[in-house]
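Comments concern the structure below.
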Amino acid sequence: MSNSKNILAAVLIASTGLMTLTLGACKPKNSKTTEQHALVVSESQRLTDWFNDRFEDQVARSPMTQTYLGMDGNQDKLDDVSKIAADENAALTDAWLKEIRTRFDPDRLDEASKLSYRLYEFAAEDQLASHEFLGNEYVFQHMSGPHSSLPSFLMNFHSVDSEDDIENYIARLNGFEAYLGNYIDRSEAQAQAGVLLPKFVYPKIREAAQNVIKGEPFDNTGTSPLWNDITSKIEALDKVGDERKAELKQSARQALTGPVKSAYTTLLETFDRHESMATNDDGAWKLPNGEAYYQSRLKHYTTTDMTADEIHEIGLKEVARIQGEMRAIMQEVEFEGTLQEFFTYLRNDPKFTFENTDDGREKYISQATEIIDNMKSHLDDLFITKPKADVIVKRVEPFREATAFGAFYNMPALDGSRPGTYYINLKDMNELPIYQMQALAYHEGIPGHHMQIAIGMELEDLPRFRTLGSHTPYVEGWALYSESLPKELGLYTDPYQDFGRLSMEIFRAARLVLDTGIHSKKWTREQAVKYMMENTANSEGDIRAEIDRYIVWPGQATAYKVGMIKIQELRSKAEGALGDDFDIREFHDVILANGSVPLTVLEELVDQWIESKS
């Protein structure tokens, strides 16, 4: 998965060696066409400049985005996350959408700029539609709430190379109270409107928040994660003397025991109060205007107009199809019994997991790295364009293991100072079956998220909002589709690893059933657990964690399979139309070398490519 996260013929054709087709079509033949061509070039450049200005305006409003992207400036500040700021951002989006429609005529743009215009419109309309339901989006939840993401941001993205960087780090610690205070205010307003997490979520977020202020300098139960991080970074400063290091540590201690502790104390009191008001109802249907809200989330996360019922039926059919392929592997490994008995065997036989020790965790990281490194040596068989940025495998920090995703990807820095990172949650090795190792590494690393996101970031001559864009069904659909590519190269090392690929695919298919079941059909939590236990091989602990994720994040889980199905459909369409002229490397360039796009646009790009080769 990805923890963030909005093309046309000129870029597409250039990347596949067919630029002469576009250039030939635009070649001026007389003075009139020369003048028209010059106007198109001028207008397209004017739009590109406008996009770049708007990107700079947006980034300037977010010091944390600047840090995340590896940019200088405002490294001592945190974002304004108040409701007022959120409304201001929406108002700016609305104003800019009106401005682009007033100042630019799509008919006077070149093809690439026309598509950029269209994608900007799509992104702005989507942002405004999401803002309409901002009051229904849980401010704090156990998957990605600011109570855990803020310390993680400092630990993983606030680079420290100098004394100034440490002083900026301390300034940000001093900003915790205001930052989290704004989120608390928003959460309080939601609670008064009846928008409360299901009761069972509060112990999860309470534990994550308590972990931040547990240990030195808060108490004597060990070392807190932030104290450990900042003191380690201070000690690593070679050009700073011991006396100054001691002063910096004292300033950090004061920030942690002052504003940071105060912020989390207030936060924990808020959680306690809201838990007393909450019920165990869990679907989006319980929220104000819940049906419209959930349909909005489905549209956002699939970039389609499919209804909950349509998505539910697709899920049921895909689960049945994949189970047929699973039974074929059961026969291959000569397992005698039902599919459900095979699931039980995979869940319970200790040979399918590493030891739940630090040694077992090290083995997992090492072998996952080897899987990705081996895949790198085969990229030329599948791709023309490849990322410059590297990818590493890293353990999720222990303080947030209890509530973090099982696995996720963080993109590299724009300046190359930080590689892409495949994070794996190693809290309980019994929840990480060995037979899923390959498919998971392919999904999060190469040829999955890192391949797509890093290539998108590195695309030249495109506005930043496109190179950093993220349409969930495109991003997650690609990663899920990419799990099958190593199979075509014979890289899955045994039938069980291939079964792991199918088990991950069926999990995404079941998500279509569960997400719509919970949020549209009023399935209970236990009803969802029962369905998943009967239809997938995942452990009960993993299943319960996943279902709790779907509950607090309506619609997101539907993106993966919807996107994968579309990419598979487009590939089959291209293979049928082109026959022997079909080149998998060119097809993947069509998918990847234009940045993230909605599924309807992706289909148009593939259709144009097919036509250009016919």
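Numbers for the structure displayed
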quantity: Mean Cβ neighbour count within 10 Å, used as a protection proxy, ranking 440-452, 118-130 highest first; calculated: 440-452, 118-130
quantity: Projected label distance in nm at GLN210 and GLU534, using a 7 Å step from Cα toward the beta-carbon; calculated: 3.7
quantity: Spatial separation of Cα centroids for region 450-464 and region 229-287, in angstrom; calculated: 34
quantity: Length added when fully stretched, ALA38-ASP415, from 0.36 nm per residue minus Cα-Cα; calculated: 132.4 nm
quantity: Paramagnetic label zone (point 7 Å from Cα along Cα-to-C-beta, ARG273; backbone N under 14 Å) in region 158-183; calculated: 181-183
quantity: Region 237-393: C-alpha gyration tensor shape, a/c 1.5 cut-off, then a/b vs b/c; calculated: oblate
quantity: Label-point separation, LYS199 to ASP107 (7 Å along Cα→Cβ), nm; calculated: 6.3
quantity: Spin-label proximity, ALA178 to region 65-79 - amide N less than 11 Å from point 7 Å beyond Cα toward beta carbon; calculated: 77-79
quantity: LYS83-THR338 pseudo-label distance in nm [points 7 Å out on the Cα-to-Cβ vector]; calculated: 5.2
quantity: Cα centroid of region 370-403 to Cα centroid of region 541-601, whole Å; calculated: 19
quantity: Fewest-first ranking of LYS286, LYS204, LYS98, using other Cβ atoms within 10 Å as the exposure measure; calculated: LYS98, LYS286, LYS204
quantity: Computed [θ] at 222 nm, helices only, for the chain once each DSSP H run of length n ≥ 4 contributes -39500 (n - 2.57); calculated: -20000 deg cm²/dmol
quantity: Potential extension, ALA60-GLU235 segment - 0.36 nm per residue separation minus Cα distance; calculated: 59.8 nm
quantity: Among beta bridges that DSSP assigns inside the chain, antiparallel share in %, nearest 5; calculated: 35
quantity: Cβ-derived FRET efficiency at R0 22 Å, GLU575 paired with GLN608, nearest 0.05; calculated: 0.85
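Any read-out appearing in this document is the output of simple, stated calculations on the displayed coordinates, not a laboratory observation. Source: prediction; values computed, not measured. Backbone-built Cβ (ideal geometry, glycine too); neighbour counts: all protein chains shown.
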